[in-house]
Amino acid sequence: MTRAIQIGVLICFILWLVGCPAPKEKDLWNEIKISDLAPEYDDNNSQKKHLQTINFDLHIYEIPADNIGKLDDIRRELDTRPLRYTDLLAFSANSFSVYFGQFQAWNTTVDLLTAAGGERRSRMSLLLSDGQTKDIAIAGFDHSLSISFISSRHSKEAVRVEPGMLSMRIKTASAPAPTNIAHITIYPVFLAPTSSTIPELDERIKLREFPFTAAAFGLEMKPGDFIFLAPEEYTDDQFSLSSLFFNNPKGSLFFNENRLKPPEHKPAFRVYMLTCTAIND
């Protein structure tokens, strides 16, 4: 008898579910506005704020490898106190160095780069929103290889990667309120190609990325501030993280100082100057 009652209750429950009309799905995308996607900051007036955007300029210079020692002249003009590191010892052991400057030191730094034989190879403008990530392609390779690096355990390790791209990742933190200060983090990352039109496959490919967090650093920047990212020393280990990130293994043409001799092809390394040009609320 009890079993019959249980079966009857179950049948009534199923009929009730079938009889209930399914809730009508709303067209959510038609209800969301761009302004709704911006974070809301708490203030006394409880007003909505626009999403903050940050403008950067990235300058990439190449310098003859023989002039690596001339970078010390630039470092003496700049500062390291505003910088934070995941692990300073590992950062330095990977032959990465980074220095901070303000707009007053920009022209001096550029002049010293020129004196070191540096020539600007590219300049790009970047626009990032609060909390956004931007990957800048540094070196691509069409074959698998092992990249050696010093980990946060302070040991030499290697990661095997497939064809892809070594990039510079720039991340901005979400500001709790409108401010003229940008919080950024930068580190090298290996990226596999993600050209698939299938989102699920694209996500699986992204799982193959490898961030080199031992070479990560962060700081606060305001308009006019810049960083100078360069190798501590020139290494000819072509499979090290530092070599792949900084070196130009094919070399480049450089003009002689007196401009009377023809350009010479020399081994070269890259340095990066990232400046914050504007922060917009």
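The figures follow:
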item	result
Estimated dipole of the range 56-211 in Debye, rounded to 20 [Cβ of Lys and Arg +1, of Asp and Glu -1, Cα centre]	280 debye
Burial ranking of peptide ranges 62-75, 115-128 (average Cβ count within 10 Å, highest at the top)	62-75, 115-128
Solvent-free Debye scattering, log10 I(q)/I(0), computed from the Cα coordinates of the range 51-280 at q = 0.07 Å⁻¹	-0.23
Mean shadow area of the range 126-168 over all directions, Cα convex hull, nm²	4.4 nm²
Tail fraction, Cα-Cα pairs, the range 92-138, threshold 15 Å, whole percent	70 percent
Dipole magnitude (debye, nearest 20) for the range 233-281, charges at Cβ of Lys, Arg, Asp, Glu	280 debye
Cα-Cα over 24 Å, subset of LYS70/LYS171; LYS156/LYS266; LYS70/LYS250; LYS134/LYS156	LYS70/LYS171; LYS156/LYS266; LYS134/LYS156
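Read-outs throughout are calculated quantities, based only on the coordinates presented, and are distinct from any laboratory measurement. On a predicted model such as this, the values are computed, not experimentally measured, just so you know. FYI the Cβ positions are ideal-geometry reconstructions off the backbone, even for glycines, and counts take in every protein chain you see.
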